[in-house]
1. By its C-alpha gyration tensor, with a ≥ b ≥ c as the square roots of the eigenvalues, how is region 56-120 shaped: rounded for a/c under 1.5, else prolate for a/b larger than b/c, else oblate?
2. How big is the charge dipole of region 64-112 about its Cα centre, in debye rounded to the nearest 20, if each Lys and Arg gets +1 on its Cβ and each Asp and Glu gets -1 on its Cβ?
3. Using Cβ counts within 10 Å as a stand-in for footprinting exposure, how do C103, C82 rank, fewest first?
4. How large is ³J(HN,Hα) for each residue in region 103-111, as worked out from phi by the Karplus curve 6.51 cos²θ - 1.76 cosθ + 1.60 (θ = phi - 60°), to whole Hz, x for Gly and Pro?
5. List the residues, sorted by chain then number, that are 5 or more residues from F102 or on another chain and whose placed amide H is less than 5 Å from its amide H.
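Taken together, the values in this text are just the output of simple stated rules run on the coordinates, not laboratory data. Note that the coordinates shown come from a computational prediction; the quantities given were computed from them, not determined experimentally. Positions of Cβ are generated from backbone atoms using ideal geometry, with glycine treated the same way; all protein chains shown enter the neighbour counts.
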Amino acid sequence: MREEFRAIKSNLQKRRQVVLSKISEEAPLQGGDDITRGDSLDIASSARDREITFMLKSRELDELRAVEDAIERIDRDDYGVCASCEDPIEIKRLEAIPWARFCRSCQEEMENRKTPGRMHFDVS
């Protein structure tokens with residue numbers, strides 16, 4: 001393992017623990033509510049709460065997968081290489097986004113090809 005990746009791996013492992021804690025602390029998705037009782041405001045509020053909880057869990061699970069994938073790439077010794085062009089990813093980019101799978105230019109190229117007007121986040 002490259003020396004500069006040791007600190008990144010340690011930070012990734014810490015981040016993994018934070019995300020796992022968030023996932024386990026959040027209220028479980030409630031699928032068993034009897035929404036036939038109560039007024040329409042209660043039903044809408046309950047549905048909104050379930051949707052927000054699902055979105056948060058989904059986002060955190062995506063982040064957990066990305067973090068674990070980065071740790072595995074470090075362990076396999078193929079971390080820091082762009083998944084598209086196979087050039088090295090700048091260390092500053094990896095320090096900022098340790099789960100990055102693409103170099104800055106390939107990431108920008110992919111974002112430019114996506115639908116204009118929509119926000120896209122780098123979860124590579």
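1. Since a/c reaches 1.5 but b/c is at least a/b, the shape of region 56-120 is classed as oblate.
2. It works out to roughly 120 debye.
3. If I rank by nearby Cβ atoms, fewest first, I get C82, C103.
4. So the Karplus estimates, Gly and Pro as x, are 5, 4, 5, 5, 4, 5, 4, 5, 5 Hz.
5. Result for F102 returns A83.
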